[in-house]
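Each value in this text was obtained by applying a stated rule to the coordinates, not by laboratory testing. What you see is a predicted model; the values in this text were computed from it and never measured. Note: ideal-geometry Cβ built from the backbone for every residue, glycine included; neighbour counts use all protein chains shown.
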Amino acid sequence: MTFRERIKAVFRGEIPDKMVYFGDMTYWYSAHQKIGDLPERWRGPNGLAELHKELNIGRYIPGCEPWDTAEGEGVHIEIHQDAEHIVRQWHTPIGSIREVQEYSAPSYSWGYTEHAVKDLHDLRVLRHLFEHRSYTAVPERFTAHERPFLDYGHGPSHVAAPATPISELNKHWVGVLDMTYLLADEPEEFQKTLDVIAEAHDRLYRIIAKCPAEMIMICENLTAETMGGYFDQYIAPHLTRWTGWLHEAGQKALLHNDGTLRGTLEKLGDAGIDCVDAVTPKPVGDVALEDLRAMAGEKLLLLGGLPGAMFAPPFDARAMERHVKEIIRLHKESGTFMFGVADQVPPNGDLELVKLVADVIEEYGRY
């Protein structure tokens, strides 16, 4: 079976020839593009695909957005970028907001040093943005996006669907600290903002439900450590509504929970989620391998199990082999566990360990 056939079989409730194995190598790959040490065979437009083939790991399809976004009248977005900073400003008829991201050379990544929403005024500007945005379906974008990946398999994130309103604020606009203060100090204004974002995202999910995609990744990027306490009131109702629409369209709903699990994993099945992606267990996460299934319930598909940190020191081949064999021992027979990197192989990751996982699955993970 191909990688594509394997993962589709699991989602149909069937048993594949061997356990599924997918991994997102884009973080490692982009870092080494900057370093300049990629071998020639991994360069160029097909280089990342060749890397996955050589490592015998299925490739995640990058998230596709089969829609166009139009800002409202009078809204202007200004972006200034250099090697170290990205500054974005949104100018609206009622005011402006500004965010700053800074590049971290040691980690080859960008991080917020200034979020766009800092106070009540900014919250109202953000509300204006979402109230006046419009979306237009572009379904053919998904078909064109998926086509190049079919020969050697595909990952679950066919369509990168937006997060619930509170996670949208946490991830992109406010950050968890200021979000907590705004929720406590301005509950009515905060709720108004959540409602406006929900209306906008509802329009997007109606578009997504008409897209010719089989699997939809809800990019919640959950960690129970910060969002578990908000789940029942602020997250579950939206997930339940959206997954209902997706299921009516014959689509499967996946959700990205790449942080701590205790406080979210046990609730996702009841919210209509079919598969949890980037499941990060101990020794990096907060749940032991042997407790994952009991916590998730019998029907929820699990994709992950391989913490990204385990591909780098101080972990080594012995630790990785032991970890993979333990997953096989505990979860192979259920047919509902799929190996996946949780959530990316880091720049200092050892590619020999990526290949080792494939080799161990080949020997011990066949059905």
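Here are the numbers for this structure:
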{"quantity": "Fully extended contour minus Cα-Cα distance, from residue 202 to residue 171, at 0.36 nm per residue", "calculated": "9.3 nm"}
{"quantity": "Gyration tensor (alpha-carbon) shape descriptor, the stretch 273-366, a/c threshold 1.5", "calculated": "prolate"}
{"quantity": "Rounded, prolate or oblate (a/c below 1.5 giving rounded, otherwise prolate when a/b exceeds b/c) for the stretch 53-163 by Cα gyration tensor", "calculated": "oblate"}
{"quantity": "Stretchable slack from residue 141 to residue 113, in nm (0.36 nm times residue separation minus alpha-carbon distance)", "calculated": "6.7 nm"}
{"quantity": "Order of 42, 110, 28 under a 10 Å beta carbon neighbour criterion, fewest first", "calculated": "110, 42, 28"}
{"quantity": "The chain - Rg over Rh from alpha carbon coordinates, Kirkwood radius", "calculated": "0.96"}
{"quantity": "Structure-based [θ]222 nm, the chain - -39500 (n - 2.57) summed over DSSP H runs of at least 4, per residue, nearest 500", "calculated": "-11000 deg cm²/dmol"}
{"quantity": "Residues of type lysines that residue 282 reaches as a straight line, Cα spacing below 26 Å, ignoring anything fewer than 8 places off in the same chain", "calculated": "18, 171, 267, 299, 325, 332, 355"}
{"quantity": "Label-point separation, residue 84 to residue 43 (7 Å along Cα→Cβ), nm", "calculated": "2.9 nm"}
{"quantity": "Rg(Cα) / (2.2 N^0.38 Å) computed for the stretch 217-292, rounded to two decimals", "calculated": "1.07"}
{"quantity": "All aspartates and glutamates inside 14 Å of residue 53 as judged from Cα atoms, apart from same-chain residues fewer than 8 positions distant", "calculated": "24, 151, 352, 359"}
{"quantity": "Cβ-defined net charge surrounding residue 71, 15 Å radius [Lys, Arg +1; Asp, Glu -1]", "calculated": "0"}
{"quantity": "³J(HN,Hα), Karplus 6.51/-1.76/1.60, whole Hz, each residue of the stretch 210-225, x for Gly, Pro", "calculated": "9, 7, x, 10, 8, 10, 10, 8, 7, 7, 6, 6, 6, 9, 5, 4"}
{"quantity": "For the stretch 178-266, the spread of Cα positions along each principal axis, largest first, Å", "calculated": "43, 29, 17"}
{"quantity": "Linear extension gain, residue 120 paired with residue 318, 0.36 nm per residue minus alpha-carbon span", "calculated": "66.0 nm"}
{"quantity": "For 149, 337, order by how many other beta-carbon atoms lie within 10 Å, fewest first", "calculated": "149, 337"}
{"quantity": "Footprinting exposure proxy for 339, 11 (fewest neighbouring C-beta atoms within 10 Å first)", "calculated": "11, 339"}
